[in-house]
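The next block holds one structure in the form of structure tokens; read it before the comments.
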Amino acid sequence: MSESTTGATAASGALRGAIGETLLEVRDLQKHFPLTQGVLFKRTVGHVRAVDGVNLTMHRGETVGLVGESGCGKSTVSKLLVALEKPTAGSILYKGRDVAKMGGRALKEYRREVQIIFQDPYASLNPRMTVGDIVAEGWSVHADVAPKKGRLQRTQELLDRVGLNPDYVNRYPHQFSGGQRQRIGIARALALRPEIIVCDEPVSALDVSVQAQVVNLLEDLQDEFGLSYLFIAHDLSVVRHISDRVAVMYLGSIVEEGTDEQVYTAPSHPYTQALLSSVPLHEPHLRGQKDRILLQGDVPSPADPPSGCRFRTRCWKAQDICAQEAPALVDRGQGHPSACHFAEARTVVPVDVE
Amino acid sequence: MTRPDLSQPRAAAPGTGGTVLEVDDLHVEFRTRSGVVNAVNGVSYRLAERETLAILGESGSGKSVSAQAIMGILDTPPAVITGGGIWFEGRDLLQQSEEEQRKVRGPGISMIFQDALSSLNPVYSVGYQIGEMFRAHRGMSKKDAKKRAVELMDRVRIPGAGARVNDYPHQFSGGMRQRVMIAMAIALDPRVLIADEPTTALDVTVQAQVMDLLKDLQRETGMGLILITHDLGVVNEVADNVAVMYAGRIVERGTVDDVFANPAHPYTDGLMSSVPQVEAKGGRLLPIAGQPPNLAAIPSGCPFHPRCSRRRLGAAATPGRECATDLPPLRLVVPGREAACHYSEEVLGV
Amino acid sequence: MTDQQQADLRHDEVEAGTTTGLASPSVDATDARQNSLWSDAWKDLKRNPLFWIGGLLMLVFLAMALLPQVFARGVDPRECSLSNSQQKPSAGHWFGFDQQGCDYLANVVYGARNSLIIGVLAVLVVLLLGVVVGAIAGFYGGLTDSLLSRITDIFYALPLVLGALVVLRTGTLGRGVTAVAIALALFGWMTAMRLVRSQVIAVKSSDYVAAARAMGASNGRILVRHILPNAIAPVLVYTTITIGVLIAAEATLTFLGVGLQRPAISWGLQIEAGQSLLRTAPHLVLFPSIVLTLTVMAFIMMGDALRDALDPRQRA
């Protein structure tokens, strides 16, 4: 572990695919939100199990994709990782240290090294701050990153790097398009020379033709600064494109994890299979070639999840054991972990033979 | 009043019938304080029975505005329909009184929206809102209307329809709300259904269910379906024909198979190569440069030329086909395919 | 606008496509100045005619408060002769005379000081209480919010005049101008608090606040840099409108015998006294009302200008 590495640039040159040491380890992470009633004297009437047992490992220079449908808890995971929420149980180990036990200086340093990019480029920038102020704000908090003199120059270099005109430092967010705003958000995250950037649906709100620009920018920045990404999205195509490893989330926990190849071509959890089989394909000649798995019903409420396996209420493979015993996320002979008692690889996305 | 060509079925996808809706050179602008926004600049298309026509475009391409013009639900002002016609059952809707238009909407043409929650009234039960269609247009009694509402909820596969008819919109999940919207839209057996980003707000597994439902309903009723979307995958999976819109114009039109296999307009081509696919990890994405255009200041000539990698400017261009000055018309490039590019043949490679 | 967009496009073209980096950095050719919201707001204010008109009016009233003898043309407001009682305005006495036969112009002019002090001081206290209590309640939420909100509700339950009356009767604040202003503010800040609180709650959950928090910014910084600038606009508008209500409310207190007492002079006292003579001498209500309205308008104009200046989206 290189405790002394402060600037991400020190790790620059780490190439895609060349994965470094473990940066972040998430162990059995849980976040339960209390459901309360009453105005002055609130009493707890239950808990929403937004995150309920998430395990993840991130290495330097790696992109981990986290996919799942709305309400599965993936956004709560991102908030936990950037310490905007405190976990109910479990731990987040960053370079071997538990984030929950960090205080003062250590936590401040963690907050510098782990940055976040939000989904909505219209809500994530303060409308009453200039672009220059937005990008440079982190330096007021972490004064050691950039000396006071030359901050403007640094800001302009950052804007330039993310593909914006450096002359725009004095403009306000509303003067930019969605894609440009997302670049400002990226520059803000980059300003603190982070090790990890949590990307919470960073391209979902953008126009199709602009999404690719931002995805490419993220990839280039990763190569240049040796960044690690946790890429959270519901768009399975984008996640496959950008990720080295992919974790699939359902109702608060991870049901399957593996390299993008393993998860997309040999999914072994029924939910992953159903999810992948629902994605519309872009090639006319592949149309109708895949098995469509149509799931029945809705996702159960996270306030009252099913016993045993969370997915059993909608699963076509469910048997008695599924209601009694929650399946652990372990390798069940497919070469990658899957949280299903009856894990079995199945091809649902036809392979595009060019 | 009747247009001669309307009775003639156009060569459409196999299994489709005669034309039910024709949009002819539609122009819509928004007159705002800060200037005129040219949202739709001469859009024409025809929809046949049983046909699914996808209108593909990004935000600001005018795809939703043209649909709102058909439904007569544009906010006027600021929106003004400045030209063109919308022909339905032999009559131009734009020449009719509001009262006559109201009679067409609902029974003839109906629409579903992206955001089902804000399209439903939170203080009425869904059964009441579906029944409203029958009470308002068919003069049914409250009791009969409710009975029909339950039938419709069954038809759009809402589980336990009889028990849920008195529930309120917030008690339904996103997918179920969209089904309620669909039930309202098909209540009066419309001949045309316009679906404006019907699945954009939904999760991918729910999206598949809703698209399946729409296709099944179309098979049963023979209605024409206009599917407005930005999702290439959805277009490929459900549409027969596709019209690609950019800056308020149709830039390419053809069957989905043809257009997706071999685009004739650089914008369509750019969209295809900028979108990652689930089928393969793929190499580096090839984005379209720049931002979608500002409709208050659409570039001269071909509106796509500032972002186009194939543009020809000045001396490099064929006379009369300079991309920055000459607006390319939508023209037939090869049989069954129209494109609005001076150099479509090169893009196609024919 | 078009030029900017063209420039945007040109820049984007370079970076899109196969590479996202620029061939050569183009950083050095910029004006080396970082603007802030406040410097931009000031620039915007300077160009706003509303701000200048409001400011000019305010200066006039301020001068009136400081140097009343100049505006009163040297007439002493307390030099009265009952023979002139209720005389109509004339060339020599522009505003006429009041019931006691005092020159009314001099009275209105001399009333400016007390009325302005009461209005401005009360509004400042309202603003201070409203913003501080509202921001704390909205920002910290939970039990703090519940407590502060309930306290606010208790104040709401007491009518403005009744509350002020009780406070002034107890006499702890004295009976002067300051006491009246504070008593009025003490029972008039609740709406401001509610406005600030709801805005703060709305802004608090926005992504840019989450971004600042994730960056390690302190609560103070988040409140001052992110939340307050985005939450202050409605309360600014509200308080500028309230200033008139407060100046007028002072008169009601006088009527009840706890506000300023003669021989003190204020617009509120004049309007109050004039009301009973509305039929015979309408000018006694008209003139103090006009100056009061102009004062309130001056504040509203400045408040509006400030609100617009603090919102970049409103700028050209």
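Details
- Condition met for B:Ser97 (more than 26 Å from B:Val37 (Cβ to Cβ) and without any contact (Cβ under 8 Å) to a residue 40 or more places away in the chain): yes
- Within segment B:42-56, restricting attention to residues that are at negative phi and part of a loop (DSSP other than H, G, I, E, B), the residue that is surrounded by the most Cβ atoms within 10 Å (Cβ to Cβ) is B:Glu51.
- The criterion of at least 3 residues that are within 14 Å of chain A (Cβ to nearest Cβ) and not basic (Lys, Arg) is met, among helices (runs of 4 or more DSSP H) falling completely within segment B:242-350, by B:256-261, B:266-274.
Yes/no per residue for (1) assigned to a loop (DSSP other than H, G, I, E, B); (2) among the acidic types (Asp, Glu); (3) more than 14 Å from chain B (Cβ to nearest Cβ):
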{"site": "A:Tyr264", "(1), (2), (3)": "no, no, no"}
{"site": "A:Ala274", "(1), (2), (3)": "no, no, no"}
{"site": "A:Gly288", "(1), (2), (3)": "yes, no, no"}
{"site": "A:Gln296", "(1), (2), (3)": "yes, no, no"}
{"site": "A:Thr313", "(1), (2), (3)": "no, no, no"}
{"site": "A:Cys322", "(1), (2), (3)": "no, no, yes"}
{"site": "A:Ala328", "(1), (2), (3)": "yes, no, yes"}
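- Test for B:Thr229: is it within 14 Å of chain A (Cβ to nearest Cβ) and either free of Cβ contacts under 8 Å to residues at least 40 places away in the same chain or surrounded by fewer than 19 Cβ atoms within 10 Å (Cβ to Cβ) (or both): no
- Residues being facing chain C (nearest Cβ under 10 Å), in contact (Cβ under 8 Å) with a residue 40 or more places away in the chain, aliphatic (A, V, I, L, M) and assigned to a loop (DSSP other than H, G, I, E, B) are entirely absent from segment A:134-147.
- Checking the stated criteria, C:Val203 turns out to be in a helix (DSSP H, G or I) and closer than 30 Å to A:Met129 by Cβ.
- Among the residues of segment B:122-133, those that are within 17 Å of B:Lys146 (Cα to Cα) and not in a helix (DSSP H, G or I) comprise B:Val123, B:Tyr124, B:Ser125.
- Against the test of being more than 27 Å from A:Gly179 (Cα to Cα) and either crowded, with 19+ Cβ neighbours inside 10 Å or of a type outside the set (Lys, Arg) (or both), the options B:Gly270, B:Gly336 yield a single qualifying residue, B:Gly336.
- The lone criterion from (1) in contact with a Ser or Thr (Cβ under 8 Å, 6 or more places away or on another chain); (2) in contact (Cβ under 8 Å) with a residue 24 or more places away in the chain; (3) more than 10 Å from chain B (Cβ to nearest Cβ) left unmet by A:Pro306 is number (2).
- Search result, residues across segment A:330-344 that are assigned to a loop (DSSP other than H, G, I, E, B) and either surrounded by 17 or more Cβ atoms within 10 Å (Cβ to Cβ) or free of Cβ contacts under 8 Å to residues at least 24 places away in the same chain (or both): A:Arg332, A:Gly333, A:Gln334, A:His336, A:Ala339, A:Cys340, A:His341, A:Phe342, A:Ala343
- Test for A:Gly179: is it more than 19 Å from A:Arg128 (Cβ to Cβ) and out of contact with any helix residue (DSSP H, G or I) (no Cβ under 9 Å at 6 or more places or on another chain): no
- Matching option when the condition is touching a Gly at 6+ places or on another chain (Cβ under 7 Å), of a type in the set (Asp, Glu) and modelled with pLDDT of 90 or more, among B:Asp269, B:Asp258: B:Asp258
- Residues being within 11 Å of chain B (Cβ to nearest Cβ), assigned to a loop (DSSP other than H, G, I, E, B) and of a type in the set (A, V, I, L, M) - total across segment A:200-257: 3
- Segments classed as helices (runs of 4 or more DSSP H), wholly inside segment B:134-234, with at least 3 members that are in contact with a strand residue (DSSP E or B) (Cβ under 9 Å, 6 or more places away or on another chain): B:174-186, B:204-221
- Any chance C:Leu59 is at pLDDT 85 or above and more than 24 Å from C:Val180 (Cβ to Cβ): yes
- Qualifying residue in segment C:153-164 (condition: crowded, with 20+ Cβ neighbours inside 10 Å, within 30 Å of C:Ala72 (Cα to Cα) and not β-branched (Val, Ile, Thr)): no
- Residue match in segment B:181-195 (condition: touching a helix residue (DSSP H, G or I) at 6+ places or on another chain (Cβ under 9 Å) and within 14 Å of chain A (Cβ to nearest Cβ)): no
- Restricting attention to segment B:325-335 and to residues that are under 16 Å from B:Val251 (Cβ atoms) and in contact (Cβ under 8 Å) with a residue 24 or more places away in the chain, the residue that is nearest to the chain's Cα centre (by Cα) turns out to be B:Leu330.
Residue by residue, here is whether (1) over 21 Å from C:Met58 (Cβ atoms); (2) buried (at least 20 other Cβ atoms within 10 Å of the Cβ); (3) free of Cβ contacts under 8 Å to residues at least 40 places away in the same chain; (4) among the small types (Gly, Ala, Ser) holds:
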position: C:Ala137; (1), (2), (3), (4): yes, yes, no, yes
position: C:Tyr140; (1), (2), (3), (4): yes, no, yes, no
position: C:Ala183; (1), (2), (3), (4): yes, yes, no, yes
position: C:Met193; (1), (2), (3), (4): yes, yes, no, no
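- Filtered residue count, segment C:253-294, keeping only those that are of a type outside the set (Ser, Thr, Tyr), crowded, with 19+ Cβ neighbours inside 10 Å and not in a helix (DSSP H, G or I): 5
- Criterion (within 13 Å of another protein chain (Cβ to nearest Cβ), of a type in the set (A, V, I, L, M) and out of contact with any Gly (no Cβ under 7 Å at 6 or more places or on another chain)) met by exactly one of A:Val26, A:Val48, A:Val82: A:Val82
- Among the candidates B:Ser300, B:Ser344, residue that is of a type in the set (S, T, N, Q) and crowded, with 20+ Cβ neighbours inside 10 Å: B:Ser344
The values are calculated or read from the model by the stated rules, or taken from the named source; none is laboratory data. Predicted model only: the values in this text are computed from it and were never measured. All Cβ positions, even for glycine, are placed from backbone atoms using ideal geometry, and neighbour counts span all protein chains on display.
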